[in-house]
Amino acid sequence: MATMLYLDADDEITTAATRIRTADAARIGLVLPFGSRVATSRINFKLLAREAQASGRRLDIVAPDASTRALAA
């Protein structure tokens, strides 16, 4: 089962990376709200994927906004 990590809209990429790094589970669902700062750039998603891979975790992005899901893909 995945551990769900909920971010606030004003959380930065460093906060998300730290939460991924310190999570207990091998599978993580990262929940991004509308207007999330993390969801403003494709590079942010590449950084999060790299952090998850380096930590041996699988990362799933959960977002209500279709444009955020498209960037994450």
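The values are calculated or read from the model by the stated rules, or taken from the named source; none is laboratory data. Everything quoted here is computed from the prediction, not taken from an experiment. Backbone-built Cβ (ideal geometry, glycine too); neighbour counts: all protein chains shown. Heads up: the accessible areas ignore ligands, DNA and RNA and are worked out on the full protein's heavy atoms, side chains in. Shrake-Rupley method; radii C 1.70, N 1.55, O 1.52, S 1.80 Å.
Given the structure, is A25 part of a loop (DSSP other than H, G, I, E, B) and out of contact with any helix residue (DSSP H, G or I) (no Cβ under 8 Å at 6 or more places or on another chain)? Spelling it out, A25 is indeed part of a loop (DSSP other than H, G, I, E, B) and out of contact with any helix residue (DSSP H, G or I) (no Cβ under 8 Å at 6 or more places or on another chain). Exactly one residue out of A26, A16, A49 is within 9 Å of the chain's Cα centre (by Cα), modelled with pLDDT of 90 or more and open to solvent by 40 Å² or more (accessible area, probe 1.4 Å), and it is A49. Kindly indicate the residue of the stretch 36-46 that is within 16 Å of D8 (Cβ to Cβ) and either modelled with pLDDT under 90 or not in a loop (DSSP other than H, G, I, E, B) (or both) and also most open to solvent (accessible area, probe 1.4 Å) among those meeting that condition. Here the answer is T40. When residues in the stretch 62-73 are screened for being exposed (fewer than 14 other Cβ atoms within 10 Å of the Cβ) and either assigned to a helix (DSSP H, G or I) or touching a Lys or Arg at 6+ places or on another chain (Cβ under 9 Å) (or both), 3 of them pass. In summary, L59 fulfils each of the numbered conditions (1) surrounded by fewer than 19 Cβ atoms within 10 Å (Cβ to Cβ); (2) in a strand (DSSP E or B) with the single exception of condition (1). Among the residues of the stretch 29-46 satisfying the criterion of being over 10 Å from the mean Cα position of the chain (by Cα) and among the polar types (S, T, N, Q), which is nearest to A63 (Cα to Cα)? Filtering the stretch 29-46 for residues that are over 10 Å from the mean Cα position of the chain (by Cα) and among the polar types (S, T, N, Q), the one nearest to A63 (Cα to Cα) comes out as S36.
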